[in-house]
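Values in this text are rule-based calculations from the coordinates and carry no lab data. No experiment lies behind these values; they were computed from the predicted model shown. Positions of Cβ are backbone-derived with ideal geometry, glycine not excepted, and every protein chain shown enters the neighbour counts.
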Amino acid sequence: MLPLEHETQIRVRYAETDQMGVVWHGNYLQYFEQARTEALRAYGWSYQGLEAAGIMLPLVEAHLVYLRPARYDDLLTVNTSVREPATARLRFEYEVRNAAGERLATGYTVLGFVDATTRRPCRPPAGLKALFAA
């Protein structure tokens with residue numbers, strides 16, 4: 001079943017760029033979040049649904065490598081993938097490309113499953129664990 005992959009397109013807004021017209025580095029983490037949210041939604045899950053079930057997914061690790069700049073009005077494609085089974089943590093990997101297919105950035109984030117009441121680590125819901133099984 002793994003890897004699971006999903007593509008999300010994002011248009012760079014002017015407010016996301018610096019004075020040089022280049023996407024400010026912190027915005028890539030927002031792009032990752034948007035792509036991750038859409039990937040979960042595509043596989044039948046949502047943050048809202050998880051929170052309603054008493055599970056939170058805080059970010060516990062982020063890594064990002066910049067290869068080329070993205071610029072205002074670029075249409076970016078963010079490929080999101082999960083390549084490892086879900087445990088108490090779930091790792092998402094990302095690749096950002098422009099319309100010409102050039103790789104602009106790569107990275108990953110790790111989210112932890114946390115019980116909303118106790119704020120302690122917990123196992124993922126059975127359906128989500130099955131989705132991200134090896």
Quiz item: In the stretch 1-57, what trypsin sites (Lys or Arg not before Pro) fall in a loop by DSSP, with at most 14 other Cβ atoms inside 10 Å?
Solution: 13
Self-check item: Selection from 107, 25, 77 lying farthest towards where the dipole of the stretch 4-131 points positive, charges on Cβ
Solution: 107
Quiz prompt | Cα centroid separation - the stretch 87-133 against the stretch 1-59, whole Å | solution = 10
Practice problem: Give the percent of DSSP beta bridges with both residues in the stretch 4-131 that are antiparallel, rounded to the nearest 5. | Solution: 100
Quiz item: Placing +1 at every Lys and Arg Cβ and -1 at every Asp and Glu Cβ, with all other atoms neutral, what dipole size does the chain have around its Cα centre, in debye to the nearest 20?
Solution: 340
Exercise. Return the calculated 222 nm mean residue ellipticity for the chain, to the nearest 500 deg cm²/dmol, obtained by summing -39500 (n - 2.57) across DSSP H runs with n ≥ 4 and dividing by the residue count.
Key: -6000 deg cm²/dmol
Quiz item: How would you classify the stretch 62-134 from its alpha-carbon gyration tensor, with a ≥ b ≥ c the square roots of the eigenvalues: rounded for a/c under 1.5, else prolate if a/b is greater than b/c, otherwise oblate?
Solution: prolate
Quiz item: Cα axis of helix 27-42 to longest principal axis of the chain: angle in degrees, 0 to 90, nearest 10?
Solution: 50
Quiz item: The list [x] -0.49, -0.96, -1.19; [y] -0.41, -0.96, -1.35; [z] -0.54, -1.00, -1.17 gives values of log10 I(q)/I(0) by the Debye sum over Cα atoms at q = 0.12, 0.18, 0.21 Å⁻¹, and only one came from this structure; which label was calculated from it?
Solution: [x]
